[in-house]
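In what follows, a structure is listed as structure tokens, so that the remarks can point back to it.
Please treat every number below as a calculation from the coordinates, not as lab data. Keep in mind the model is a prediction, meaning the values are calculated, not measured. Because the Cβ atoms are built from the backbone with ideal geometry, glycine has one as well, and the counts that use them run over all protein chains shown.
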Amino acid sequence: MKANFEANEYPGIKSQMAEQTISKLMSQLDADIVSFKHAQAWDNRLKTLKEEVIKFGKINYTGYFGETPLDEKVDFIDSLESNDLGDVKQIIYIVKYTKIYKGAGNIFKYQVDGQGEWKVSSKTNQSMLTIETLCPQCYTQRRIN
């Protein structure tokens, strides 16, 4: 927008008022973009949380020599939003996670399941979400057959 204005302004005439107006508009546009990215990330928090829970299962519960996935479910049971954190938005979700897979050689089946709390937070006007499990020990793995 600024480049377009400068390319089309009348040569030899500089208006300080026009420069200030453009600078103000550009600052507002930048602030609006940051705010939009924050809102977009916050609106997609359940999708992002689901991806993080699946990544958690992949890192912590996998057969020693690989796995053959059979079933994997992430269910959001409940949530509690914290309102008194200043410029931070935060929600704690209770997440039920179930994963069934066959270990290497497809001899034994394993099941991972449990229900634990996950915290999703973000500072106002930041597009990055912070996601952490508050109870990794709430999920257990056992052999089934």
When only alpha-carbon atoms count, how far does the chain stretch along each of its three principal axes, as whole angstroms with the largest first?
83, 38, 18
Too-long pairs where the Cα-Cα distance tops 29 Å, listed order kept, from Lys37/Lys99; Lys99/Lys119; Lys73/Lys119; Lys55/Lys89; Lys47/Lys99:
Lys37/Lys99
If I model a spin label at Leu25 and Glu72 as a point 7 Å from the Cα along the Cα→Cβ vector, what separation in nanometres do I get?
4.8
Which of Ser122, Ser82, Ser27 moves most in a GNM of the chain, Cα contacts under 10 Å?
Ser27
Looking at the chain, which longest stretch skips every one of the chymotrypsin sites (Phe, Trp or Tyr not before Pro) that is in a DSSP loop with at most 12 other Cβ atoms within 10 Å, leaving the sites themselves out?
66-145
Place a point 7 Å from the Cα of Glu81 in the direction of its beta carbon; the residues of the range 42-65 whose amide N falls under 15 Å from it are 42-46
Suppose R0 equals 35 Å; then what is the FRET efficiency for Ile33 and Asn145 from their Cβ-Cβ distance, rounded to the nearest 0.05?
0.05
Looking only at Cα atoms, what is the convex hull volume of the range 24-73 per residue, in Å³?
94
From the C-alpha coordinates alone, can you work out the Kirkwood hydrodynamic radius of the range 89-145, in Å?
13.3
